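The values are calculated or read from the model by the stated rules, or taken from the named source; none is laboratory data. Values in this document were obtained by computation on a predicted structure and should not be read as measured data. Here the Cβ positions follow ideal geometry from the backbone for every residue, glycine too, while neighbour counts run over all protein chains shown.
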Amino acid sequence: MSPSPILGVVGDDGTSHTPNPLAHKDDWRLQVLGLPDERQFSLQELAELGHVQMTLPIVCVSAGYITGARDKTVRFGGLPFPQLAARLGDLSPFRTVIFRSRARATCGPRNKKHETALELSYCLESGHVMLAWELNGAPLPYANGWPLRSTVGPDLFFYKSMKWLECIEFSPLPLAQCRGTWETYAGYHHRGRTEPDERFEPIMRRITGIDTEGSDVSEEIPSSAWQETLNDLVARKDLSRLIIAKMERMGLDRPKDYSGFCFSEGPYRAKIRGSAFQRSLFHGANLRETNLSLSKFPLCDFSDGGKNPADMTGVDAEGTDFSGADLRAVRMCDAFLAGAVFYNRKHVAAGTKPSKPAKVEGLDLRGAKNLHPLQAQWLKEDGALV
């Protein structure tokens, strides 16, 4: 078994996979598909092709820099992608490389393995793409993708890398037509560049059912039907079957008052990622276990001065901005809060408490996970239950 992770883990840590770990390193094979002659490599064969060290800053899409090091870097050891490519023959017919995990996807159908894609030119020319089996001079921890993962540089968000890497596939299609699981089912950007900020693209899906493993079964809604679909859900005051990203860029006529709405109903949970709300009302809304990751709620009211509070138990609010929001008496127990902001620290000296924080008296955060220590300190000072 590999050591504990050095690189922070946000999202899938591998503990839900069966078997766990997914395979012994001596049995691991990397498949190379899409070529006239398909290939596979053991870890030993990859190591014989080359073994170098590569130091990279890591930028998580929801939690920012997650290395814990002062210089925000980690050191990977493994095989640079160009050295593998040199052994694969003529790659000129191809435009895109698909990276596929042995692990199942964390969104979309559970029988589909997780994948993402990069432009072939990036893999060959950026100097950031590696097939890695070491982290900071030690075997790659299982939670970080042991025994094999791919990497990307700080110019891309790290969701464009792949843990538990089992397969790479070369495609003649452009990157926009090779969307991975997060891109297809959650609206993450198909390029994922950090500059400009390419976290999400506008997408709407409607959950039509739940499969036998508890995963959403959903259908993509064409842009021509976005407004009609939203109107139908709003009329019912039930958004629990909505999957949406970058809502503010969809040209929608949307309400400002979501008081009493169900974002969670029976087995259904809304996923509202990377969307901006401002001065909206959520009094008494049921937001239990919904996904609000990387959405922004500045000056929104989740309670009416402590009365009729929303239920946000178990909410996924990684990277979510609640600065200036009224969260008094809201129940947010067991929430996922890596990168979440209740105090906007922009233009504020390091360690200085912002003057216009969220209103958090009685906010119940007991059992919440990965809350930033400084945010936790300020929340406790202002009456939240942490």
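For this structure, a couple of remarks:
- When each of 322, 336, 342 is tested for being in the same structural domain as residue 289 (by TED's automatic domain parsing), aromatic (Phe, Trp, Tyr), within 20 Å of residue 260 (Cα to Cα) and within 25 Å of the chain's Cα centre (by Cα), the lone residue that passes is 322.
Residues are listed down the side, and each one gets a yes or a no for (1) part of a loop (DSSP other than H, G, I, E, B); (2) under 30 Å from residue 372 (Cβ atoms); (3) free of Cβ contacts under 8 Å to residues at least 12 places away in the same chain:
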residue	(1), (2), (3)
87	yes, no, no
92	yes, no, yes
97	no, no, no
133	no, no, no
154	yes, yes, no
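- Hits in the range 253-282 - residues which are surrounded by 18 or more Cβ atoms within 10 Å (Cβ to Cβ) and among the basic types (Lys, Arg): 269, 271, 273
- First in the range 368-386 and in the same structural domain as residue 332 (by TED's automatic domain parsing), second anywhere and part of a helix (DSSP H, G or I), Cβ under 7 Å, 6 or more apart: 386/376; 386/379; 386/380
- Test: residue in the range 301-321 that is of a type outside the set (Gly, Ala, Ser), on the phi < 0 side of the Ramachandran plot and touching a Gly at 6+ places or on another chain (Cβ under 7 Å): yes
- Any chance residue 366 is assigned to a loop (DSSP other than H, G, I, E, B) and either closer than 29 Å to residue 159 by Cα or of a type in the set (Val, Ile, Thr) (or both): yes
- Test for residue 105: is it among the aliphatic types (A, V, I, L, M) and free of Cβ contacts under 8 Å to residues at least 12 places away in the same chain: no
- Members of the range 48-78 found to be modelled with pLDDT of 95 or more, more than 16 Å from residue 153 (Cβ to Cβ) and touching a Leu at 6+ places or on another chain (Cβ under 7 Å), listed by number: 49, 50, 51
- Unmet criterion (only one of (1) touching a Ser or Thr at 6+ places or on another chain (Cβ under 6 Å); (2) farther than 15 Å from residue 46 by Cα) for residue 130: (2)
- Scanning the range 202-217 for residues that are part of a loop (DSSP other than H, G, I, E, B) and acidic (Asp, Glu), we see that the one that is nearest to residue 265 (Cα to Cα) is 211.
- Screening 111, 144 for residues that are within 26 Å of residue 17 (Cα to Cα) and surrounded by fewer than 18 Cβ atoms within 10 Å (Cβ to Cβ) leaves exactly one candidate, 111.
- Being of a type in the set (Asp, Glu), assigned to a helix (DSSP H, G or I) and in the same structural domain as residue 322 (by TED's automatic domain parsing) is a condition met by at least one residue of the range 219-242.
- Residues that are in the same structural domain as residue 52 (by TED's automatic domain parsing), buried (at least 17 other Cβ atoms within 10 Å of the Cβ) and aliphatic (A, V, I, L, M) are absent from the range 176-185.
- Residues satisfying the stated conditions in the range 293-312, i.e. crowded, with 19+ Cβ neighbours inside 10 Å and in a loop (DSSP other than H, G, I, E, B): 293, 294, 295, 297, 300, 302, 303, 309, 310, 312
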